[in-house]
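The values are calculated or read from the model by the stated rules, or taken from the named source; none is laboratory data. Source: prediction; values computed, not measured. When we count neighbours, we look across all protein chains shown, and the Cβ atoms used for this are built from the backbone with ideal geometry, even at glycine.
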Amino acid sequence: MGTATADLISRARAGDGDAFRALTEPYRRELHVHCYRMLGSFQDAEDALQDTLLSAWRGIAAYEGRASVRTWLYRIATNQCLDALRSASRRPAVPWDIPDVEPPEPSRLGEVVWLEPFPDTLLDGAVSVPLGPEARYEQTEAISLAFVTALQVLPSRQLAVLILRDVLGYHANEVADMLDTTVDTVTSALKRARAGLQRQLPPTGDREPPPAAGSSAEQALVAKFVRAYASGDIDALVALLTDDIYVSMPPIPLEYRGRADVARFYATILRRDWTYEFVPTRANGQPALATYLRAPTGIRHGIGLVVLTLRGDRISAITRFDTSVLAWFGMPRSLPG
């Protein structure tokens, strides 16, 4: 522990709020991402982060320095999230929300209806954190919608162990200390968690990686999607999709999988006489589009946020979130005419 850190701890123990903030602020964003991975909900993660910092402030006098400040904060955050999961009143599923449009029968009903997107603007400095030697996943991969969704299906203790071990790279004995359990229990939970995650995530195999973030290839693919969607050109839209494409729209539980079902879905909901406009942004390390529908008055009303998962030169998943998320991305609910 450095002299400066020891001084901040001493001052924080004496009730100096500025010292406590200086001590914890460097870890704020990565703790927010950690809570998001565990809970799958941006709003719930914000609440858990605030509870973590409050608990740390109340418990700073008991901090003995046996672990680093960062590890101490991760212990508190992980247990706050586990408490939240035990008492969670998850965001419930809601019915289809577009008037006068009846969606086709879904391919299946989604399980993780509480999923919310995470703005890339809040990832700066949070996904480039130093990882422990046990980490198995890149931080950017471990914030993707597919990964976060797969995590949500795991039992809570397995979820915590997998994130601490395979995403953050903590040693088994460190995780056992964080969770007040044994190394054998951690090892067993990790084995089951890895198997569960493998069942949820699609096999990678020889799949093409997505284009680099912000690259001309990524921008071109997003532009093609915008043109096809805005014009209601179903054939052009379907041509951009992988064979195993899936469309989801939490908190609406409807999911459409495979080109045929997705084509049927978009043929039902897209209208050539509707005027769409899109404002680009990014969520979960992926391209995203704030979507607006122009009213006869000229005002463009927000209808949600669409996040695109890319694979090679195709789109492999489309996730649509409702208008409640727009504010997190600095987007208004409506644009003037």
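Kindly establish whether Lys224 is part of a helix (DSSP H, G or I), surrounded by fewer than 19 Cβ atoms within 10 Å (Cβ to Cβ), in the same structural domain as Arg282 (by TED's automatic domain parsing) and more than 22 Å from the chain's Cα centre (by Cα).
Yes; evaluated as a whole, the condition is true for this residue.
Please tell me if Leu151 is closer than 16 Å to Leu39 by Cβ, outside any loop (DSSP other than H, G, I, E, B) and either in contact with a Gly (Cβ under 7 Å, 6 or more places away or on another chain) or not polar (S, T, N, Q) (or both).
Taking the combined requirement at face value, the residue satisfies it.
Residue pairs, Cβ under 6 Å, 6 or more apart or interchain, first in segment 1-23 and under 16 Å from Leu73 (Cα atoms), second exposed (fewer than 14 other Cβ atoms within 10 Å of the Cβ). List them.
Close Cβ pairs (under 6 Å, with a partner that is exposed (fewer than 14 other Cβ atoms within 10 Å of the Cβ)) amount to Met1/Gly65; Arg13/Ala61.
Against the condition out of contact with any Pro (no Cβ under 6 Å at 6 or more places or on another chain), modelled with pLDDT under 95 and in the same structural domain as Val325 (by TED's automatic domain parsing), how does Asp261 come out, does it pass?
no
Rundown of residues vs (1) buried (at least 18 other Cβ atoms within 10 Å of the Cβ); (2) touching a helix residue (DSSP H, G or I) at 6+ places or on another chain (Cβ under 7 Å), yes/no style:
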site	(1), (2)
Val101	no, yes
Pro104	no, yes
Arg108	no, no
Glu111	no, no
Leu115	yes, yes
Thr121	no, no
Gly132	no, no
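Could you go through segment 199-210 and let me know if any residue there is farther than 22 Å from Tyr74 by Cα, modelled with pLDDT under 95, in contact with a helix residue (DSSP H, G or I) (Cβ under 9 Å, 6 or more places away or on another chain) and not in a loop (DSSP other than H, G, I, E, B).
The answer is yes; a qualifying residue exists.
Limited to segment 275-292, what total is found for residues that are touching a Lys or Arg at 6+ places or on another chain (Cβ under 7 Å) and part of a strand (DSSP E or B)?
Total meeting the criteria: 3.
Condition (residue is in contact (Cβ under 8 Å) with a residue 24 or more places away in the chain and part of a helix (DSSP H, G or I)) applied to segment 87-110: is it met by at least one residue?
Looking through segment 87-110, none of the residues is in contact (Cβ under 8 Å) with a residue 24 or more places away in the chain and part of a helix (DSSP H, G or I).
For segment 184-207, check the following and say yes or no: at least one residue is within 18 Å of Leu151 (Cα to Cα), free of Cβ contacts under 8 Å to residues at least 24 places away in the same chain and crowded, with 19+ Cβ neighbours inside 10 Å.
No; the residues of segment 184-207 include none that is within 18 Å of Leu151 (Cα to Cα), free of Cβ contacts under 8 Å to residues at least 24 places away in the same chain and crowded, with 19+ Cβ neighbours inside 10 Å.
Give the residues of segment 1-27 that are small (Gly, Ala, Ser) and exposed (fewer than 11 other Cβ atoms within 10 Å of the Cβ), sorted by residue number.
Once the filter is applied, which keeps residues that are small (Gly, Ala, Ser) and exposed (fewer than 11 other Cβ atoms within 10 Å of the Cβ), segment 1-27 yields Gly2, Ala4, Ala14, Gly17.
Looking at segment 164-171, can you tell me whether even one residue there is surrounded by 21 or more Cβ atoms within 10 Å (Cβ to Cβ), touching a strand residue (DSSP E or B) at 6+ places or on another chain (Cβ under 7 Å) and not in a helix (DSSP H, G or I)?
Among the residues of segment 164-171, not one is surrounded by 21 or more Cβ atoms within 10 Å (Cβ to Cβ), touching a strand residue (DSSP E or B) at 6+ places or on another chain (Cβ under 7 Å) and not in a helix (DSSP H, G or I), which makes the answer no.
Out of (1) assigned to a helix (DSSP H, G or I); (2) surrounded by 14 or more Cβ atoms within 10 Å (Cβ to Cβ), the odd one out for Leu54 is which?
In the conditions (1) assigned to a helix (DSSP H, G or I); (2) surrounded by 14 or more Cβ atoms within 10 Å (Cβ to Cβ), Leu54 misses (2) alone.
Check segment 261-274 and report whether any residue there is assigned to a strand (DSSP E or B) and crowded, with 19+ Cβ neighbours inside 10 Å.
Taking segment 261-274 first, the residues assigned to a strand (DSSP E or B) are none.
Checked segment 261-274: no residue is assigned to a strand (DSSP E or B) and crowded, with 19+ Cβ neighbours inside 10 Å.
Any idea which of (1) part of a loop (DSSP other than H, G, I, E, B); (2) touching a helix residue (DSSP H, G or I) at 6+ places or on another chain (Cβ under 9 Å) is the one Gln158 doesn't satisfy?
With (1) part of a loop (DSSP other than H, G, I, E, B); (2) touching a helix residue (DSSP H, G or I) at 6+ places or on another chain (Cβ under 9 Å) applied to Gln158, the lone miss is (1).
Among the hydrophobic types (A, V, I, L, M, F, W, C), in a strand (DSSP E or B) and surrounded by fewer than 20 Cβ atoms within 10 Å (Cβ to Cβ) - does that describe any residue in segment 313-323?
Step one: of segment 313-323, the residues among the hydrophobic types (A, V, I, L, M, F, W, C) are 315, 317-318, 321.
Applying the additional criterion that residues be in a strand (DSSP E or B) yields 315, 317-318, 321.
Checking the rest, the ones that are also surrounded by fewer than 20 Cβ atoms within 10 Å (Cβ to Cβ) come to none.
No, because not a single residue in segment 313-323 is among the hydrophobic types (A, V, I, L, M, F, W, C), in a strand (DSSP E or B) and surrounded by fewer than 20 Cβ atoms within 10 Å (Cβ to Cβ).
From the residues in segment 28-37 that are without any contact (Cβ under 8 Å) to a residue 60 or more places away in the chain and crowded, with 22+ Cβ neighbours inside 10 Å, which one is farthest from Ala56 (Cα to Cα)?
Cys35
Please indicate, with yes or no, whether at least one residue in segment 143-158 is touching a strand residue (DSSP E or B) at 6+ places or on another chain (Cβ under 6 Å) and either within 27 Å of Thr319 (Cα to Cα) or without any contact (Cβ under 8 Å) to a residue 12 or more places away in the chain (or both).
Yes, some residue in segment 143-158 is touching a strand residue (DSSP E or B) at 6+ places or on another chain (Cβ under 6 Å) and either within 27 Å of Thr319 (Cα to Cα) or without any contact (Cβ under 8 Å) to a residue 12 or more places away in the chain (or both).
Taking segment 234-246, which residues are crowded, with 21+ Cβ neighbours inside 10 Å and either part of a strand (DSSP E or B) or among the aromatic types (Phe, Trp, Tyr) (or both)?
Leu241, Ile245, Tyr246
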